[in-house]
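Read the structure below first, then the notes.
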There are 2 protein chains.
Amino acid sequence: MSSDSPIVQTARAARQASVALQSVTDKQKNDALLRIKQVLAERKTEIFEANEIDKKVGYYGAVRLAQEQVALGKLSSSLYKRLDITNADKWDSILSGVEDITHLPDPTKQVSLATQLDNDLELYRVSVPVGVLLTIFEARPEVVVNISCLALKSGNAVILKGGKEASHTNAVLAKVIQDALNTLPADSSIPKEAVQIVETREDISALLDLDRFIDMVVPRGSNSLVKYIQNNTRIPVLGHADGLCSVFVDKEADIEKAQKIVVDSKTNYPAACNSAETLLVHRDLLNSDKFISVATALLKAGVSLRLDTSTFEALAQKVDSSFKDKISQATEEDFDTEFLELTIAVKAVADVNEAIDHIIEHGSKHTDCIVTENETVAEYFMARVDAAGCYWNASTRFADGFRYGFGAEVGVSTNKTHARGPVGLEGLVIYKYRVYGNGNAAGDYGSGKKQYLHQPIEQSNYRI
Amino acid sequence: MSSDSPIVQTARAARQASVALQSVTDKQKNDALLRIKQVLAERKTEIFEANEIDKKVGYYGAVRLAQEQVALGKLSSSLYKRLDITNADKWDSILSGVEDITHLPDPTKQVSLATQLDNDLELYRVSVPVGVLLTIFEARPEVVVNISCLALKSGNAVILKGGKEASHTNAVLAKVIQDALNTLPADSSIPKEAVQIVETREDISALLDLDRFIDMVVPRGSNSLVKYIQNNTRIPVLGHADGLCSVFVDKEADIEKAQKIVVDSKTNYPAACNSAETLLVHRDLLNSDKFISVATALLKAGVSLRLDTSTFEALAQKVDSSFKDKISQATEEDFDTEFLELTIAVKAVADVNEAIDHIIEHGSKHTDCIVTENETVAEYFMARVDAAGCYWNASTRFADGFRYGFGAEVGVSTNKTHARGPVGLEGLVIYKYRVYGNGNAAGDYGSGKKQYLHQPIEQSNYRI
């Protein structure tokens, strides 16, 4: 062990902290969160000073970054805003967010199966923390507080790595959290190594290899960050790289609903992963006013349309001339593009099956919607589309942990295993089986010997 | 698409079959399984002929394999037996196993969350098939039937790759299953591409890269097979490479229970992954007859003991001289070794914390047991040990899907996400969110606008 590098020591300390966290009660976890809130408030000046440094450095960095991104055709001018935690709304929401987490139910110690295997042999499946989380994020320093508190509430240790543009703020926030844990009363003890921060890319590269200590990676940031992580670790990654959501307007759609849903899905917050990027239209609508009215609603909302040949032809002759510069012919890539701005790709399909095929081929398994009044077609679409969210007559923008009522959102997952869609605290737990015996041997059971009972245990008789 | 290689076409066909499987009812799946059973029975002669070829080829192959394994110190002489499916018991159990699966509850279409988001906006979380499975296995050809039927029952498409020692049998079994699917009545239609088989290592290498089509890999075979797969794919792997289980005999153990549990955990079926490989003993027991009696029980059962210094010294002077050749000093590697035979590593620990630390450092998160009469110590151990199974006073050999009452076992997982421990059909499903709206826009909700209800929906009012 003496040969461990500093980063292996960090990972090992996180593992040891996670063991200690297994025995911590919900009250102890909530006490720790309230203590964190208190110490954050007490040390506001120190935190804001660090944030000022980052904003100055980050601002000049942002100028460079902006120039690079302009060259790439993707201008992002919001870095300064994302770095800033000193405006009153942001700071208050950080503090209240910590307390909000104390009001959520403890996701651990939940029994999901209880079976009497034999008279003196009981089986329980009980939720437990996943163990050690590694969170890699960019820009927004409040993630340090938010993810640390979600990790603690679910009994996980966490190693954090933020972007270097917020390194001063991140370091102070992590230090404040550690100091808060360090000053808990002895009967609420949580090791300060439950929350640790690392700073360099080399650290991340090393941590992504340490699957013996780290159980899950939770990236919060750009597509390229998530993709890099997915391609460079065997540790399970909870997250999504893309959010390529589609809305399919069926021939039996109520066009008023279609207008409302399509416009909201595209324009409510175009930079979000649950915004629509593709509009699929049943081709029977092209020769009526219905398609024109949906397209015009988008155009009026400021959306540019990239249209396939048949939708372009249907629209070009009828659209109001003031919108001519907002419509253009789509390229193939447009149907694989997450625009994240007021642009949408539009395609006509022959029927619901072609819509489903298009979504399976081009979608990102995030959230897809059908607009129709035909329940059979809607159920068929929702059964066959392979996405975390399958919606009937509702905006894709509802795909969000708070809107779903989860109280907290760890992230949105497009994985096919473990946790899918908006992920609350449940995504940070797994289960273990506990068996309570009385000296039982498996060799005593079988043909001509004892038989298993396999009876469910009544909840009032649970040992847990 | 015309440029797709044959293996990409196979994966794409599996994906398309998995889409069709989303709409299949439980009755249709059970009808398909019963049809498979029927066609297997009808074509028994053809299947047995293929098996005879494999057994002849496999036998000569087995001789070579055995010689190589002798050289490596691991003699396996059971390949012939594992290849054979023609003895009456094996064949009958294959056929009855197919029918047994029809009696299991459908793991899909289960609602685990139902929330009224607003009066005309409902959210459901519903279990769905994972999608496309890739199963890689060795020797036992009955895996073709077993895993195909588990996949179909859970609504998944599957691509199978067996060992070349059973290639003739595997190919015929897969063909029979496809033919059975092909001859279903039209109203029970399941595409035959729901079950496909591939044959070469190159195919596997290509499939492990196709994470856009394949959702989960389920390896069934040796540690080296599982490790190879884990290290060569980004697709989630459901399984375990190692089964390094420990039994800790606490100072407050009932020694009769300890003897029974330790002997059963080690000797009931030493080649199984849930057999004990390490015995940890509280050091307070070394100076009493208690440790000697547990050690003697193991020795009488034919077990060789690899003892650390203090347990060796405690035992060497007192053990019956007839067992002298069964005890030896342990090396460090012995505590990281899955013996899979009648050998166990033995170590003294100062207390339950040292036992826990040892298990965390050397265990494989499979199944670990504490023998004690002290409930507080037992709960502490079960909370802190990070294993799929944490047992109090019961043999580690109970860690098994059938013993747990699951009816079927897909495999045993030592993962920390998705599914853990013995995995039944539940491990082959995930969930999706279905939202039922009426033209709802997210922009209509918020401060000063509509508010979310977030009320649970009564089960009797479910739309699903």
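Summarising the amide proton neighbourhood of B:His418: residues at separation of 5 or more, or on other chains, whose placed amide H is nearer than 5 Å comprise A:His418. Remark: the protein assembly as shown carries a charge dipole of roughly 260 debye about the Cα centre, counting +1 on each Lys and Arg Cβ and -1 on each Asp and Glu Cβ. Shown here is the pair-distance distribution of segment A:245-398: with all Cα-Cα distances grouped in 10 Å bins from zero up to the longest one, the shares run 13, 49, 35, 4, 0 percent. Sparse packing (at most 13 other Cβ atoms within 10 Å of the Cβ) combined with a DSSP loop state is found for the following chymotrypsin sites (Phe, Trp or Tyr not before Pro) in segment A:421-464: A:Tyr462. In this structure, the amide hydrogen of A:His366, modeled 1.01 Å from its nitrogen in the peptide plane, lies closer than 5 angstrom to those of A:Leu244, A:Ala388, counting only residues at least 5 positions away or on a different chain.
With its label point put 7 Å out from Cα toward Cβ, B:Asp89 sits 7.3 nm from the same residue's point in the other copies, in order from shortest.
Cα-based radius of gyration for chain A, normalised by 2.2 N^0.38 Å, reads 1.14.
Spin-label model, B:Lys164 to A:Thr45: label points 7 Å out along the Cα-to-beta-carbon direction sit 7.5 nm apart. Axis between A and B by rotation; chain A residue with nearest Cβ and distance in whole Å recorded as A:His418, 2.
With θ taken as phi - 60° and the Karplus curve 6.51 cos²θ - 1.76 cosθ + 1.60 applied, the whole-hertz 3J(HN,Hα) list for segment B:27-44 is 4, 4, 5, 5, 4, 5, 5, 5, 5, 4, 4, 5, 5, 4, 5, 5, 10, 3 Hz, x standing for glycine and proline. For segment B:78-129, a/c is not less than 1.5, where a ≥ b ≥ c are the root eigenvalues of the C-alpha gyration tensor, and a/b tops b/c. That puts it in the prolate class.
Distances from A:Thr200 to itself in the other copies, using label points 7 Å out along the Cα-Cβ axis, amount to 4.5 nm in increasing order. Among the trypsin sites (Lys or Arg not before Pro) in segment B:187-225, those located in a DSSP loop and surrounded by at most 16 other Cβ atoms within 10 Å of their own Cβ are B:Arg212.
Applying the Karplus relation 6.51 cos²θ - 1.76 cosθ + 1.60 with θ = phi - 60° to segment A:349-364 yields 3J(HN,Hα) values of 10, 6, 6, 4, 5, 5, 4, 4, 4, 4, 5, 5, 6, 10, x, 10 Hz, where x marks Gly and Pro. Taking amide H positions as modeled 1.01 Å from N, with prolines and chain starts lacking one, the residues under 5 Å from B:Val249 and 5 or more places away or on another chain are B:Leu280, B:Val281, B:His282, B:Val371. Against chain A, whose longest principal axis is taken from its Cα atoms, helix A:167-182 shows a tilt of about 30°.
Rounded to the nearest 10 degrees, the inclination of helix B:289-300 to the longest alpha-carbon principal axis of chain B is 70 degrees. Dividing the mean sequence gap of close Cα pairs (under 8 Å, 6+ apart) by how many residues chain B holds gives a relative contact order of 18 percent. Ellipticity at 222 nm from helices only: DSSP H runs of n ≥ 4 in chain A, each -39500 (n - 2.57), divided by the residue count, give -12000 deg cm²/dmol.
Rounded to the nearest Hz, the phi-derived 3J(HN,Hα) couplings of segment A:258-272 under the Karplus curve 6.51 cos²θ - 1.76 cosθ + 1.60 (θ = phi - 60°) are 4, 4, 5, 5, 5, 5, 5, 4, 8, 10, 4, 6, x, 7, 7, where x marks glycine and proline.
When the Cα positions of A:Ile177, A:Ile235, A:Ala206 are compared along the charge dipole of the protein assembly as shown, A:Ala206 comes out farthest toward the positive end, with charges on each C-beta of Lys, Arg, Asp and Glu. If you wrap the tightest convex hull around every Cα atom of the protein assembly as shown and split its volume per residue, you get 180 Å³.
Each copy carries A:Ser322; placing its label point 7 Å along the C-beta direction from Cα gives inter-copy distances of 10.3 nm, listed from smallest up.
The charge dipole of chain A, taken about its Cα centre with unit charges on the Cβ atoms of Lys, Arg (+1), Asp and Glu (-1) only, comes to about 1060 debye.
Taking every Cα-Cα distance in segment B:6-230 and sorting them into 5 Å bins from zero, the calculated P(r) comes out as 1, 7, 14, 17, 18, 15, 12, 7, 4, 3, 1, 1, 1, 0, 0 percent.
Only the Cβ atoms of Lys and Arg (+1) and of Asp and Glu (-1) were treated as charged; on that basis the dipole of segment A:271-414 about its Cα centre amounts to roughly 480 debye.
Computed from the C-beta positions of A:Ser321 and A:Asn374 and an R0 of 35 Å, the FRET efficiency is 0.50 to the nearest 0.05.
Where a number appears in this text, it was derived from the coordinates with a stated rule and is not lab data. Keep in mind it's a predicted model, so treat the numbers as computed, not measured. Note that we place each Cβ from the backbone using ideal geometry, even for glycine, and neighbour counts take in every protein chain shown.
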